[in-house]
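Chemist: For reference, the structure I am asking about is given below.
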Amino acid sequence: MAHDLPARRALKVMLATPRGFCAGVDRAIQIVEKAIEKYGAPVFVRHEIVHNRHVVDRLKAMGAIFVEELSECPTDRPVVFSAHGVPKSVPAEARSRQMLYLDATCPLVSKVHVEAGRHHEAGREIVLIGHAGHPEVVGTMGQLPQGAVALIETVADAEAFTPKDPANVAFVTQTTLSVDDTAGIVAALRARFPGISAPHKEDICYATTNRQEAVKAVAAHSEVLLVIGSANSSNSVRLVEVAKRAGVPEAHLIDDASHLDLAWIDGAETVGVTAGASAPELLVQGVIDRLAEHFDVTVQEVEAARETVSFKLPRVLTA
């Protein structure tokens, strides 16, 4: 007599929208792909084009070679600068070595570079809110002479910062920060320097903000939240922090479905799923498929915002 298999436990997956690739990441990846198409392999890329191992591995397989410094690149092959931006010294070195370079810096990061430059020209002391050592921070600080930008990471840093002229201070921020954390730091700066010059429009990019809002929307209904992204991806790490602050009992950052520990799901009826701005949608589908192997999954999308932003590719690749 055939035994019926036990019914699989129902699991609701709340899928945060928007999630995954933003316009800047999309553009950066396309720049590498089109450069390989146009110039043949290898094409060199200074620093990981975006912070995602899967993306980097796929581009390596197509003929991209990733290096940390320009000095590792030959002069007869194209080099792409990563989406995070680079110090001014990098394109200057590429020009002096007569290299063909393609700048995949996200236009929203370039906007922060321009802002910092304007403040510097106006003689203001500049504060950059960001994380020490992150390539975007290195790139932004490297737009100006050494010492022109002070890095502030926490409210305590904001309270300890002593400018030469408290009436002549400006701030800019890294684009991938936690909106809530940054608000606290900005409030501390404003309390101390009421006349501080702020960005015309929020420096934290639309994609970071939208993905954090989507996590908050999903967090309200989830017992476990999975963020798909790499550990060195600033915006992905922030999504885990946002989820925890929004009250999700458990939030985990995973590279892909193979890092999903099913023990996390024990007893959970609803699992939230999202992906950082540099994580491909393929990985999201992989996690849902893995859950579907063990549970009777229903997926519900939770849309916090609609994104229609796209950025043009460099003319040299589209001509």
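Chemist: Quick one: how many residues across the range 198-218 are closer than 20 Å to Val302 by Cα, surrounded by fewer than 24 Cβ atoms within 10 Å (Cβ to Cβ) and not hydroxyl-bearing (Ser, Thr, Tyr)? Give the steps one after another, and end with the answer.
Modeler: Going residue by residue through the range 198-218, those that are closer than 20 Å to Val302 by Cα are 206-218.
Remaining after also requiring surrounded by fewer than 24 Cβ atoms within 10 Å (Cβ to Cβ): 206, 209-210, 213, 216-217.
Keeping just the survivors that are not hydroxyl-bearing (Ser, Thr, Tyr) gives 210, 213, 216-217.
So the answer is 4.
Chemist: Sticking with this structure for a sec: Checking Phe66 against (1) surrounded by fewer than 14 Cβ atoms within 10 Å (Cβ to Cβ); (2) outside any loop (DSSP other than H, G, I, E, B), only one condition comes out false. Which one?
Modeler: Of the numbered conditions (1) surrounded by fewer than 14 Cβ atoms within 10 Å (Cβ to Cβ); (2) outside any loop (DSSP other than H, G, I, E, B), the odd one out for Phe66 is (1).
Chemist: Taking the condition part of a helix (DSSP H, G or I) and out of contact with any Gly (no Cβ under 8 Å at 6 or more places or on another chain), does Asp165 pass? If you could, list the steps in order and put the result at the bottom.
Modeler: Details: part of a helix (DSSP H, G or I): no; out of contact with any Gly (no Cβ under 8 Å at 6 or more places or on another chain): yes.
Criteria not met by Asp165.
Chemist: Which condition breaks for Arg77 when tested against (1) farther than 30 Å from His221 by Cα; (2) among the basic types (Lys, Arg); (3) part of a loop (DSSP other than H, G, I, E, B); (4) within 20 Å of the chain's Cα centre (by Cα)?
Modeler: It fails just one condition, (4).
Chemist: If you don't mind, there's one more thing I want to ask. Would you check if there is a residue in the range 151-174 being among the small types (Gly, Ala, Ser) and in contact with a Pro (Cβ under 7 Å, 6 or more places away or on another chain)? Steps first, please.
Modeler: Here is the first cut: in the range 151-174, the residues among the small types (Gly, Ala, Ser) are 156, 158, 160, 167, 170.
Those still in the list that are in contact with a Pro (Cβ under 7 Å, 6 or more places away or on another chain) too: none.
The answer is no, given that none of the residues of the range 151-174 is among the small types (Gly, Ala, Ser) and in contact with a Pro (Cβ under 7 Å, 6 or more places away or on another chain).
Chemist: Among the residues of the range 306-318, is any touching a strand residue (DSSP E or B) at 6+ places or on another chain (Cβ under 6 Å) and not in a loop (DSSP other than H, G, I, E, B)?
Modeler: Within the range 306-318 (the criterion being touching a strand residue (DSSP E or B) at 6+ places or on another chain (Cβ under 6 Å) and not in a loop (DSSP other than H, G, I, E, B)), the answer is no, since none of the residues qualifies.
Chemist: Taking the options Val237, Val271, name whichever one is touching a residue at least 40 places away in the same chain (Cβ under 8 Å) and not polar (S, T, N, Q).
Modeler: Val271
None of the figures in this text is laboratory data; all of them are computed from the coordinates on show. All figures in this text were calculated on a predicted structure; none of them were measured in a lab. Cβ sites come from the backbone with ideal geometry, for glycine too, and all protein chains shown count toward neighbours.
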